[in-house]
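Here's the structure we're looking at; comments come further down.
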Amino acid sequence: MSTVRWGILGPGTIAREFFRSAAACASGAVVAVASRSPDHERLGRAFPGARVFDDYEELLADPGIDAIYIATPHPFHARWAIAAAAQGKHVLSEKPMAMNGAEARAMVAAARANDTFLAEAYMYRHHPLTTFLLDLVRGGTIGDVVLIKSSFGFAHPTGGADHRLFAKDLGGGAILDVGGYPVTMACLIAGYREADRAVQPVSLSAEGLIGPTGVDEVSSALLRFANGIVAQVSCSIALVQDNVLSIIGTRGRLEVDDFWFGTGVTGGTKIVRHVANDGTVEELPLTEPRDLYSFQFDACNAAITAGRRELSYPQLDLASSIATADILDQWLAAVHGTAAT
């Protein structure tokens with residue numbers, strides 16, 4: 001398989017970003033898109049050159065498609081990933097991979113039973129900025145890491161129940177939608193001394209604000225790792241946050257603004273600030289002209305072409321995706337006061 005042929009389930013905003021970035025990559029191509037409410041003319045404009053399917057099952061059964069990108073609302077990720085695996089299709093699922101740890105395990109079991117690739121779409125994990133930052137930490141730039149502070153928060157302009165972010169039955173809320181970003185990065189950095197693996201927290205405490213539709217609109221959590229590192233993470237869909245990633249060590253700190261978007265959606269330059277304990281600030285630029293989402297697309301295609309069934313460190317492997325789902329379960333339970341379902 002020299003070029004991986006992709007189909008998209010769910011033609012929303014993120015799917016269009018996926019399609020746009022894939023068009024610039026030689027490793028694969030998006031050849032089809034399916035929608036439960038198809039408008040062929042509109043979808044033809046949004047996904048030029050892709051075949052439009054009116055039915056998800058029909059797309060999954062098509063022998064001319066090798067892999068599926070699942071961009072449906074959160075509660076449907078597990079259903080369609082399992083169905084895709086049963087058809088022998090490889091899968092990249094938008095985050096969160098599943099609504100909970102049980103679903104994540106079922107998705108992994110289905111992929112393994114059918115010998116298919118499965119991955120969770122945290123695009124930042126593939127961008128060179130992540131490796132650049134990890135190398136700085138490993139190189140002792142800030143001494144021993146003690147504290148990680150990370151946020152991903154925005155205020156959705158509608159703020160109403162008519163949007164999926166505020167709809168409980170569609171997996172709405174900040175924790176499921178963007179809480180996984182600071183969590184997965186904290187686990188990666190906390191394991192900087194480990195042999196090519198992220199680590200998981202040994203304890204979690206959290207607080208949050210529940211909105212009128214019953215979803216968590218703003219929340220913060222404290223994660224403690226066995227090696228003594230502590231992470232403060234926060235997320236929101238109804239509050240604009242600074243979205244700065246800060247890694248604080250015994251000799252200083254590293255700070256990155258809007259870390260989740262690399263050097264920009266369509267490329268650019270990002271500054272990593274190295275602030276020493278004496279207040280000296282050194283700006284470390286990283287320039288990358290490539291599209292943010294293209295690295296993720298190429299990484300998945302490389303794994304599929306090589307016959308691998310998951311991504312590898314420092315990308316997000318399946319054990320890390322399951323662990324992330326379990327952490328989000330704990331965070332949800334702490335904020336909502338009940339066992340997450």
Heavy-atom accessible area of ASP54, protein chains in place, probe 1.4 angstrom, given in Å² to nearest 10, is 80 Å²
In cubic angstrom per residue, the convex hull of the chain built on its Cα atoms measures 130 Å³
Simple spin-label estimate for ALA333/ASP242, 7 Å along Cα→Cβ, in nm, reads 3.2 nm
Counting only protein heavy atoms and leaving out ligands, DNA and RNA, the solvent-accessible surface of HIS163 at a 1.4 Å probe, in Å² to the nearest 10, equals 60 Å²
On the formula 1/(1 + (r/R0)^6), with r taken between the Cβ atoms of ALA24 and ALA113 and R0 of 35 Å, the FRET efficiency rounded to 0.05 is 0.55
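What's the FRET efficiency of ASP54 with ALA106 using the Cβ-Cβ distance as r and R₀ = 30 Å, to the nearest 0.05?
Values: r = 27 Å, r/R0 = 0.90.
The calculated FRET efficiency here is 0.65.
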Computed about the Cα centre, the charge dipole of the chain from +1 Lys/Arg and -1 Asp/Glu charges at the Cβ has a magnitude in debye, to the nearest 20, of 380 debye
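When the expected Rg is taken as 2.2 N^0.38 Å, what fraction or multiple of it is the alpha-carbon Rg of the range 72-191?
On the way: Rg = 17.0 Å, N = 120, 2.2 N^0.38 = 13.6 Å.
Computed over Cα atoms of the range 72-191, the ratio equals 1.25.
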A correct Karplus calculation of ³J(HN,Hα) over the range 239-251, with 6.51 cos²θ - 1.76 cosθ + 1.60, θ = phi - 60°, whole Hz and x for Gly and Pro, returns 8, 6, 10, 6, 6, 9, 9, 10, 10, 10, x, 6, 10
If one compares the long axis through the Cα atoms of helix 128-138 with the longest principal axis of the Cα atoms of the chain, the angle in degrees, nearest 10, works out at 30 degrees
Nearest 10, in degrees from 0 to 90: the angle of helix 294-306 to the longest Cα principal axis of the chain is 70 degrees
Rounded to the nearest 0.05, FRET efficiency between ARG138 and GLU282 (Cβ-Cβ, R0 22 Å) equals 0.80
Relative contact order of the chain (C-alpha contacts under 8 Å, at least 6 apart) in percent is 19 percent
Expressed in square angstrom to the nearest 10, the accessible area of SER37 with a 1.4 Å probe stands at 90 Å²
Length gained, ASP257-ASP169, 0.36 nm per residue minus C-alpha separation, equals 28.4 nm
Of 320-327, 55-62, 26-33, ordering from highest average Cβ density within 10 Å down gives 320-327, 26-33, 55-62
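The values are calculated or read from the model by the stated rules, or taken from the named source; none is laboratory data. For clarity, every value in this text was computed on a predicted model and none was experimentally measured. Every residue, glycine among them, receives a Cβ derived from its backbone with ideal geometry; neighbour counts consider all protein chains shown. For the accessible areas, the whole protein counts, side chains as well, though only heavy atoms, and no ligand, DNA or RNA atoms are used. Shrake-Rupley method; radii C 1.70, N 1.55, O 1.52, S 1.80 Å.
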